[in-house]
Every structure is written in C-alpha cells, then in structure tokens.
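J.: Have a look at the structure that comes next, please.
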Amino acid sequence: MLLVAACAGPDPETEPAPPTGPLPLTPDRLGISPTLVPALGTAEQALVHMVETSRLADSLKVLAARPHHAGSAADLATAQYVHEQFILAGLESRIDEYEVLIPRPIDITVELLTPYAYRCSLTEEPLDQDFDTHTNTALVPHLAYSPDGDVLGRLVYVNQARKEDFRQLDDLGVPVKGAIGIARYGGLFRGSKVKNAAAAGCAALLIYSDPKDDGFVRGDVYPEGPWRPESAVQRGSILDIAHAPGDPLTPGVPAFRGAARIDIKDARTIPTIPATALSAKDARPLLESLRGPNVPNGWQGALPFPYHIGGTERVNLRVKVQFDWRVRKVWNVVATLRGFLFPNDEVIVGNHRDAWVHGAVDPGSGTAVMLETARVLGQLARDGRRASRSITFCSFDAEEYGMLGSVEYVEHHRERLMKNAIAYVNVDAAVSGPNLSVRGSPELSLLVAGALDAIMDDRVDRLVTLLDSEGRPNLDLPGGGSDFVPFLHQLALPVLDLSSNGPYGVYHSGYDTYGWMKRHGDPGFVSHARLTRVLAVLLNRAASATVLPFDYTALADWIARKSATITSPILKLDTSPLDKGIEKLRMAGLALDRGRVALTASDPDPSRLGALNRALSSSRSVLLTDGLLKRRPFYKNVLIATDERDGYGALVLPEVQEAIAAHDVTAANKAIARAGAIISDLADRVANIAATFEKQAAEPTR
C-alpha cells in the first residue's frame, strides 16, 4: 500500500532543481500531509478488512427481490430499506419526494396483418432454474414516453436506425415515409433511434434485441450462460435525454407537488411517433416475412434466415400503444456522514434505485456497493476516524426514465452544490463481471491513482490497463446515460463512474435477477467487495486530503488530445486561442502540483486550508456558460455535452463541434475563441491558487 510505505519528506540539506514535469505519485502529491499518512493508512487497512461479501449479497437479495419500477409501491419499499440501512450505518438520512411525469402502459399491441396473422406475445418466458423470472408484477415490456398511437403500415427493416442507415435506404429507393420501421438495438441510444425514424418519416418504430449483439452468438444464454434468452426484451425510456434529461414537465425547476408544469404537448423531450420494444422471438416472424432486396453489408443479424429490407405492401403491421400519463411520486434517499472539520464541504456518491424489473445488476449491484461503503465508513467514524469533509450518499429514483431523480436533486440543491460540492462518484450497474472500469474527469486522476494503488492486488495488470506512464489513469469524460449527467453538465463538477464489468446480456430484462448475479455476474460477490473497497478508500481520501488533489495538467492534456481530433477540411479554423488556453492550463496545473506538494510537505494546520480548498474546488464554475448551446440550454459546460448523434456519447467542446457541423466558420472560430478564453480564465484561477499554496508553504506554522 503506497500510503503506509510513504516516502520520507524532503532532505533540508538538499536543494533539488525545480521539477519541469509531473511529480512522482507520492503522498504529498496526493494532498496528504506527513502527519496524516500513518492514520490514513491504518484507516484504509481497516476499511479493506471490514467489507463483507455476505452483507453485499444480502443487500442485493433484498433490493432485487421484486420488480420495482419508479413510482411503484415496491419502489417506495426499496427507498425505505435504503433509508433504514443508512441510519443503521450511523448516517443522517432523509427521503425527498418529487412528483414527475411517469407514463405506464395500458395497451401495447404489435400484430402482423399480412402475409399472415401473428400477434407478438410481449412476454418473457419464465425459467424453472430461476424463480424470480416467474414474477407477475412487472410492467409489460414497453418504451417509456412513447406517444399514444394506433398505426397501420408497411414494415421496413432499418438496421440500427442511425441517420446513415436512413440515408442508405433513401439511396436504395426504399420508401420509408408512413412505414413502420423495425430496428435492432445497438449503436446508439434507443431514444435517438426513434428520433431518427421520426425525422425520416416513419409512422412508428419497433426496436428488438438481435442475438448477434447480446444473444447466443456471444455465448450461452441464461440460465446456462450470461447472454440474452430469445424471449428477453430490453425495456427503456425514449425521452430525448440528449436535449434535456429530467422531468419533461418541469424543466429547470424542482418537481415539487405545487410546481408549475407545462402541458404535455409542449414538452420538447417527448418523442413524436409511437415506439415499443420486442424480443428476438417476437421479431423473428416479422423479419422473416420481409422480401425485397437483401440487406446491405453489416445489416444482417443472427436470426437464421437472410434479412430483407421490405418496404412493400406484402408485409403490413399494426402497432398500438396507449399509456396512463400521470404525474407520480418518486423518492430520493439522501444520507450524510458528517465531516468533523468542514461539514459543509461534501464528496457525493450516488446511484439510482429504480429498475425496469428486478434490476440485480442495473441498479441493485451499485446500491449494494453503496450501502456497504456507507456501513464501513460509518463504522470507521464511530471508531474515531471520521473524515474532515462530509460524504453524501444519494439513492436516486426514476433514473431509468431519463435521470429524473438526479436532475431534480441538482435543481433542488443547486446553490448549495455549487458552493460546497467537491466531486460526484457514480456506481450505476456497478457489477456484471470482474473487469474494473473507471471513467470520468481527468482532474480526478491523482485521486483515482492513489486509491487504486492502495487497493489493487494485481499491480502489473493494473499498471498496464489503467495507468499511464506517469502513474495516472487514462480517464475519459462520459457524455450521458446515468446520474452523473446533471452534476457534470449543470454544475461542471468533476465526476467518476466506477464499475466492474463482464458478459452481460440480460440488460433491462426480466432476467436481470439475483440468480443471474450468483450464477454468472459475481458468484462469490468478490467483485462487489473489490469495488466497495475502491469506492470506500476513494471517498475517504477525497474527504480526508489536506489539500484537494485536483490534476489540471491531466485535464489540459485531455483537452489537447480531444481538440486535436476536431478538424474540418472545408473550414479555415483559427485554433490558436484554444491552443494558448490549453498550454496555459497545463503550466498552471504543473504549478498547482508543485504548490500542493510544498504546502502539504509543510504539514499545515488543516483548519487553515478550508478557504483554499474551497477556492480550488469552485474554480470549475468558470466552465459554465448559459446559452452555450442555443437548442439545448440544459448543457452549460464549455468542455463537454451529451452527443446528440447517439444520445450517450461525449461531445467535446460542444459549441465548437456544433458550429463545425453547421459549416459556419464564423461561429466555429468564435466558439474556439470563447473556449480558449474560458480555459485561460480557469488557468488564471488555478495559477493564483498555486501561488497561494507556495506562499502558505513558506509561512511558519502557527
């Protein structure tokens, strides 16, 4: 463990040359003062040994015992369970209630009319080997926020419903307008598929799970293996989260009971054509009926027949969807482990709690990890080793519908979070196998590197796969898809997304059960335990560090790498303002690194550093710009937005990229200049803080 075998302080007899590059991964570089090293190392050893696989398994068994879609009685029961567990762990806990639009299916009908009659079953076959699959309390498979409709039309196979797929169909002369499209999952967010289909003129869209992507082609299906059975359906929301996640009726304000709500017809994130989801079993007779040209290269799936495009009158279909469009109650559970020195400063960890059915992996595994982390950190505090800053645990509701709970939380607590929050760590769908994955804000690379160094056993493999030559993990910012979204895009808060992954074919289906986890995902719950240890140490370090270990050199390097890929062969771009800002930030980051080392090595009184750390943390606010993306005002972070093209990916320097996509050289150069100026402003703030660190380090300790 790096922290226990800490490097000695600087030799007063030696005057080393000032470093010109990143410093070694030593405790002082990680913001840990010499006097804190032994106690923190002992605390981390205690955390590692306190984690119990049996408790993790027991928590997951409770959480995944019943289907618990957002706003249901079973969902409320999981909220009460999590609330009780937080209290037992010694945390202050509360349940926050919001009222959001959650449509529930009344009638979902998909039936083939010609060349023969066939009605899709829309059911998942129960398995004798897994009792949980015999549930009768799950909602019928559906796509949430599909508008009501009863559509008759020709059937056209549209591959993955990407924009390029519809362009190819147009090139082939296949009529799409007024037809019902059938698309396979993969490639982009399901809501983006529906949006593309509507733009192409489809009257409705069906989305099915092809065995090529997550079924028998990948390996044995559940229960023999981890992959998707033929009757499994991938449910999901098709809310336009790339435009704006959160409750569609209360954009920008918390969805309290008396909140002013817009009319459903004015909600910009609700799709315009009916859509629903199918299993491979239900999709097979529809696809097998199609004739016409064979599909283009890359469009063939794994069902046992040649795929055809269709689009003729030979195959006609009826698609009917009807929902109960009500505003319903949902519940966030928020718990706090108070810091002893700076209780208002907080490191936040979160995961959603609602599931489409049982949700053992998504989201139960992350909630189990979060509860065990709360327990061991709570025990550490009771043992007299409480961190100096607070740690806030958030169990969000209605994430599956479009990050509703986390967006409402940020809208509710924006002012406090802007002032006090340090970082947000996400653990959604945390465990589906043994392969550790960390993605997130590059400025948290030092924090992650220190936690991994303290926890991981297989160091050779870890260094090869997770860390760069300077001992930093190659963190990459995510764009969308989980509860980190409002923290990153609305607050510019540094975020991390932790998971332990493996073959996982039962996503959003009735087969994502405790039995699947015990058989295939994590049979001994050892991956749950390892992730809990990583999370506990990471949170404890962030909450205990004498000086926050933000790495702005890593952020500058990341911006430089990403911006180098943004080119346009037809526009003459002046990237010099951006290049200057990036280099300025890199130099400020190096100065901050050296200043932190000097200040930490001087062993300052931590109580004197509250304002300094707060200034360092709040420097991120300069990245927020109202009106950054005129069509998508939700996104305010000049560095990143959710990519509209796929609904999940990251769009780096989004104002610049959107101007380039519009072939507007004036707007593109203006956006580059603005991004460069903002990054330069951030560099000035970081440099000023670095200078203050150096000055404080030179002052005698009082």
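Every read-out reported here was derived from the displayed coordinates using simple, explicitly stated rules and does not represent laboratory data. Remember, it's a predicted structure, so these values are computed and weren't measured experimentally. FYI the Cβ positions are ideal-geometry reconstructions off the backbone, even for glycines, and counts take in every protein chain you see.
J.: Could you list which residues have their amide H under 5 Å from that of Arg328, counting only those 5 or more apart in sequence or on another chain, with H placed in the peptide plane?
T.: Val100, Leu101, Ile102
J.: Follow-up. In deg cm²/dmol, rounded to 500, what helix-only [θ] at 222 nm does the chain give when every DSSP H run of at least 4 residues adds -39500 (n - 2.57) and the total is split over its residues?
T.: Working: 18 runs with 242 residues, N = 702.
-11000 deg cm²/dmol, from helical runs alone.
J.: If amide hydrogens are placed 1.01 Å from N in the peptide plane, which non-local residues have theirs closer than 5 Å to the one on Thr114?
T.: For Thr114, the qualifying residues are Asn316.
J.: Note down the nm distance, to one decimal, between modelled labels 7 Å out along Cα→Cβ at Thr42 and at Glu164.
T.: Distance between the two pseudo-spin positions: 5.9 nm.
J.: Using a cut-off of 25 Å between alpha-carbon atoms, which lysines can reach Lys265, once sequence neighbours fewer than 8 places away in the same chain are excluded?
T.: Excluding near neighbours in sequence, the set is Lys177, Lys193, Lys195, Lys320, Lys329, Lys630.
J.: Compare the Cα positions of Ile660, Ile679, Gly627 along the charge dipole of the range 552-698 (+1 at Cβ of Lys, Arg; -1 at Cβ of Asp, Glu; about the Cα centre) and return the one farthest towards the positive end.
T.: Gly627
J.: Considering the options Thr567, Ala46, Leu139, tell which one lies farthest towards the positive end of the dipole of the chain, charges being +1 on Lys and Arg and -1 on Asp and Glu at the Cβ, about the Cα centre.
T.: Highest projection toward the positive end goes to Thr567.
J.: What list of ³J(HN,Hα) couplings, whole Hz, do you get for the range 344-349 from phi and the Karplus terms 6.51, -1.76, 1.60, once you set θ to phi - 60° and write x for glycine and proline?
T.: 7, 7, 9, 9, 10, 10
J.: Please list log₁₀ I(q)/I(0) at q = 0.10, 0.14, 0.20 Å⁻¹ for the range 552-698, using the Debye equation with identical point scatterers on the alpha-carbon positions.
T.: Values, matching the q order: -0.40, -0.70, -1.15.
J.: Same structure again: Give me Val427, Val407 ranked fewest to most by other Cβ atoms within 10 Å of their Cβ, as a rough exposure proxy.
T.: Ascending number of Cβ neighbours within 10 Å: Val427, Val407.
J.: Which value, in debye to the nearest 20, describes the size of the charge dipole of the range 552-698 about its Cα centre when Lys and Arg Cβ atoms bear +1, Asp and Glu Cβ atoms bear -1, and nothing else is charged?
T.: Details: 20 positive and 17 negative charges, 34 e Å.
Using only the charged Cβ atoms, the result is roughly 160 debye.
J.: Now for a separate question. Provide Arg645, Arg608 in ascending order of the number of other Cβ atoms located within 10 Å of each residue's Cβ, fewest first. Walk me through the intermediate numbers first.
T.: Numbers: Arg645 17, Arg608 12.
Fewest to most other Cβ atoms nearby, the residues stand as Arg608, Arg645.
J.: Please work out the ratio of the alpha-carbon Rg of the chain to 2.2 N^0.38 Å and round it to two decimals. Present the calculation step by step, with values, prior to reporting the outcome.
T.: Numbers: Rg = 26.0 Å, N = 702, 2.2 N^0.38 = 26.5 Å.
Here the Cα radius of gyration is 0.98 times the empirical estimate.
J.: Right, here's the next one. What is the packing order of peptides 44-57, 544-557, 142-155, 252-265, taking the mean over residues of other C-beta atoms within 10 Å and listing the highest first?
T.: Numbers: 44-57: 18.0, 544-557: 26.3, 142-155: 20.4, 252-265: 13.2.
Final packing ranking: 544-557, 142-155, 44-57, 252-265.
J.: Which of rounded, prolate, oblate describes the range 104-327, given a ≥ b ≥ c as roots of the alpha-carbon gyration tensor eigenvalues and a/c under 1.5 marking rounded, otherwise prolate only if a/b is larger than b/c?
T.: Numbers: a/c = 1.72, a/b = 1.21, b/c = 1.43.
Taking the square roots of the gyration eigenvalues as a ≥ b ≥ c, the range 104-327 is oblate.
J.: With both bridge residues required to lie in the chain, what share of the DSSP beta bridges run antiparallel, to the nearest 5%? Can you show the working numbers first?
T.: Numbers: 48 of 80 bridges.
Counting only bridges with both partners in the chain, antiparallel ones make up about 60 percent.
J.: Let me ask another. Using 0.36 nm times the number of residues separating Leu139 and Ala661, minus their current alpha carbon distance, what extension gain do you get? Could you put the intermediate results ahead of the total?
T.: Numbers: separation 522, 0.36 × 522 = 187.92 nm, distance 4.05 nm.
Extra length from Leu139 to Ala661 when fully extended: 183.9 nm.
J.: Follow-up. Express the relative contact order of the chain as a whole percentage, based on alpha carbon pairs under 8 Å and six or more residues apart in sequence. Intermediate results must be reported in sequence, preceding the final value.
T.: Details: 1588 pairs, mean separation 129.9, N = 702.
18 percent.
J.: Enumerate the lysines that Lys562 could reach by cross-link, defined here as Cα to Cα under 17 Å, with residues fewer than 8 away along the same chain left out.
T.: Here the lysines satisfying the reach criterion relative to Lys562 are Lys580, Lys584.
J.: Could you give the length gained on full extension between Glu583 and Glu52, defined as 0.36 nm per residue of separation minus the Cα-Cα distance, in nm? Can you show the working numbers first?
T.: Values: separation 531, 0.36 × 531 = 191.16 nm, distance 4.63 nm.
Separation in residues times 0.36 nm, less the Cα-Cα distance, equals 186.5 nm.
J.: Taking N as the number of residues in the range 230-354, what is its Cα Rg relative to 2.2 N^0.38 Å? If you can, show how the numbers build up before the last one.
T.: Details: Rg = 22.6 Å, N = 125, 2.2 N^0.38 = 13.8 Å.
For the range 230-354, the normalised Cα radius of gyration is 1.64.
J.: Excluding same-chain residues fewer than 8 positions from Lys518, which lysines have a Cα within less than 27 Å of its Cα?
T.: Correct list for Lys518: Lys61, Lys212, Lys281.
J.: With an 8 Å Cα cut-off and a minimum separation of 6 or more residues, compute the relative contact order for the range 552-698 in percent.
T.: Values: 194 pairs, mean separation 57.2, N = 147.
Relative contact order here is 39 percent.
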